[in-house]
Amino acid sequence: MTNNEDLKSRLIALTRDLTMIPSTESRPQERKRCFELLHHHIDQLPSIQIDYYDCNEHRSMVVRPQGVEAPEILLCGHLDVIEHSQPNCYHSKIEQGRIYGPGSGDMKGQIAILIELLRTLHTQQPGISLGLALTSDEERGGADGIRYLCEDVGLRCGTAIIPDGGSLNDVTTEEKGVIHVRVSHLGHESHGARPWLGKNALEMLIERLMLLKKHFYQWWPTQPVEEQINHWFSTCCITMCNTENTTPNRIPDQASAILDIRFIPPHSVNSMLAEITTILGPDCIVNPLMTAEPTNLEPDPLFCEVTTNITNQPVKLVKASGGSDGRFFRQYGIPVNLSRPLVGNLHAIDEWIDINSMITYYEICEAYIKQKLER
Ligand SMILES: [Zn+2]
């Protein structure tokens, strides 16, 4: 077997083993099983230390060279996958040079690559300043994972590599800011046959929300929106709408909605919150649930150079509508290289990762790490 074939079969095997484990939010035991499997792949490496950190039932694993608190390069991934309602769907198949299965592209295929990089480089050069951080809550925001590691544990590094966004030749530079917010409205209950006696909280809330939608439409492009072409504008989605009312003929005295707002600079979390509070008006109660500032990831030019050389194709610097764990590193000025192998159908049962691009991505990272640590 050539080196490449050996690497390929190792990456396929580990990806498929990981895909079999339904490491979802509702199954902490399965997430733990994932960590155990990966632990067995690396615990024999010379001169490394493996630490576990737990935050609200979410475990993270940090691997560093012995005696090195802040490695030069930190590989980052998350092993949690999203929940599917179909029974027994957590398995994989290989077709058309791709591994298909839940989580294969987000991001168990990438974790297999990170584990192989760690194994190979620490075997070749014991003590190399290369670490690995794996978390288990990225799909629900990363507060107990990378945020906890950076802000509470004090994890630092020179540069972070996160293969969870962009594409093989698309390196992400900017990510939109995020505001998840609960908007509530109070009213006055009455019988549904005599609406003039009540104040319908749900209807009043909907009116205010429609005004907000209209406000955001001013930024919507006149051309059809395409990812990475003209998607760089602020958006607002109503993702949930509730009332405690359970009676068809009662006018509700309370209603609330959840909004998912994505915004671009020069807006900040504070200025965007102020804007939506003004538009919603004094009768709406606005409660932020999760916020993140727009982020500039400042990818390492050397990473882009190496990507160009290995793929023989130019690198595109792209802006992303979604956020990543990268933002937590940026609070400490740590550059983030965010690109990945070719993936598709993310969060669907037929999610896939392209096998040849896994090898290419591995080669990009290997060359980058070696060049970076030689300098
Ligand atoms: Zn992901």
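The values are calculated or read from the model by the stated rules, or taken from the named source; none is laboratory data. What you see is a predicted model, and the numbers here were worked out from it, not measured in a lab. In this analysis, Cβ positions are derived from the backbone assuming ideal geometry, glycine residues included, and neighbour counts consider all displayed protein chains. Please note that ligands, DNA and RNA were not included when accessible areas were found on the heavy atoms of the full protein model with its side chains. Shrake-Rupley method; radii C 1.70, N 1.55, O 1.52, S 1.80 Å.
Just a few scattered comments:
- The mean of 1/r over all distinct Cα pairs in the range 258-297, once inverted, gives the Kirkwood hydrodynamic radius of 11.1 Å.
- N200 long-range amide H proximity, modeled H, under 5 Å: H188
- Three-way shape call for the range 1-64 based on the alpha-carbon gyration tensor, with the a/c threshold at 1.5: oblate
- Cα gyration tensor, the range 275-375 - rounded (a/c under 1.5), prolate or oblate: prolate
- Here the scattering of the range 36-121 is modelled by Debye summation over its C-alpha atoms, one equal scatterer each and no solvent; at q = 0.22 Å⁻¹ the log10 of I(q)/I(0) is -1.21.
- Helix 109-124 axis versus longest C-alpha principal axis of the chain: approximately 30°, rounded to the nearest ten.
- Relative compactness, the range 177-292, computed as alpha-carbon Rg over 2.2 N^0.38 Å: 1.21
- The reciprocal of the average 1/r between distinct C-alpha atoms defines the Kirkwood hydrodynamic radius, which for the range 228-292 equals 14.1 Å.
- Cross-link partners for K93 among the lysines, with Cα-Cα distance under 30 Å and sequence neighbours closer than 8 places in the same chain left out: K8, K32, K108.
- Between the residues T235, L14, P301, the greatest Cα displacement towards the positive end of the dipole of the chain, with unit charges on the Cβ of Lys, Arg, Asp and Glu, is found for T235.
- Converting phi to 3J(HN,Hα) with the Karplus coefficients 6.51, -1.76 and 1.60 and the offset θ = phi - 60°, the range 197-202 yields 8, x, 10, 7, 4, 5 Hz in sequence order, with x at every glycine or proline.
- Protection proxy ranking, highest mean first, for peptides 323-331, 303-311, 241-249: 323-331, 303-311, 241-249, where packing is the per-residue count of other beta-carbon atoms within 10 Å, averaged.
- In the range 177-292, taking the dipole from charged Cβ atoms about the Cα centre, the farthest positive-side position among W220, N249, T278 is held by N249.
- In order along the range 72-86, the phi-based Karplus estimate (6.51 cos²θ - 1.76 cosθ + 1.60, θ = phi - 60°) of 3J(HN,Hα) comes to 4, 10, 10, 8, 10, x, 10, 9, 6, 10, 7, 7, 10, 7, 5 Hz; Gly and Pro are listed as x.
- The 3J(HN,Hα) values that the Karplus relation (6.51, -1.76, 1.60; θ = phi - 60°) gives for the range 140-145 are, in residue order, 10, x, x, 5, 8, x Hz. Gly and Pro appear as x.
- With Cα atoms, 0 to 90° folded angle of helix 301-311 axis to the chain main axis: 70
- Only helices enter the 222 nm calculation for the chain: every DSSP H run of n ≥ 4 contributes -39,500 (n - 2.57), and dividing by all residues gives -9500 deg cm²/dmol, rounded to 500.
- Kirkwood hydrodynamic radius of the chain, Cα pairs, Å: 22.4
- Over the chain, relative contact order from alpha-carbon pairs under 8 Å, at least 6 apart, %: 23
- Oblate is the label for the range 72-160, because a/c, from the alpha-carbon gyration tensor with a ≥ b ≥ c as root eigenvalues, is 1.5 or above and a/b does not exceed b/c.
- Each Lys and Arg adds +1 at its Cβ and each Asp and Glu adds -1 at its Cβ; summed about the Cα centre, the chain shows a dipole of about 360 debye.
- For the range 332-375, backbone nitrogen atoms closer than 18 Å to the point 7 Å from H84 Cα along Cα-to-C-beta are found at 343-355.
- With the highest mean first, a sort of the peptides 212-225, 13-26, 276-289, 69-82 on other beta-carbon atoms found within 10 angstrom per residue produces 69-82, 13-26, 276-289, 212-225.
- For the listed peptides 165-171, 41-47, 115-121, a ranking on the average number of other beta carbons within 10 Å per residue, highest first, reads 165-171, 115-121, 41-47.
- Toward the positive end of the charge dipole of the range 1-92, with +1 on the Cβ of Lys and Arg and -1 on the Cβ of Asp and Glu, the farthest Cα among C76, S47, T24 is that of T24.
- Ligands, DNA and RNA left out, the accessible area of the range 202-357 computed with a 1.4 Å probe is 54% carbon and sulfur.
- For the chain, accessible area per residue (1.4 Å probe, heavy atoms of protein chains only), Å²: 46
- Mean separation of Cα contacts under 8 Å (6+ apart) over length of the range 177-292, as relative contact order %: 46
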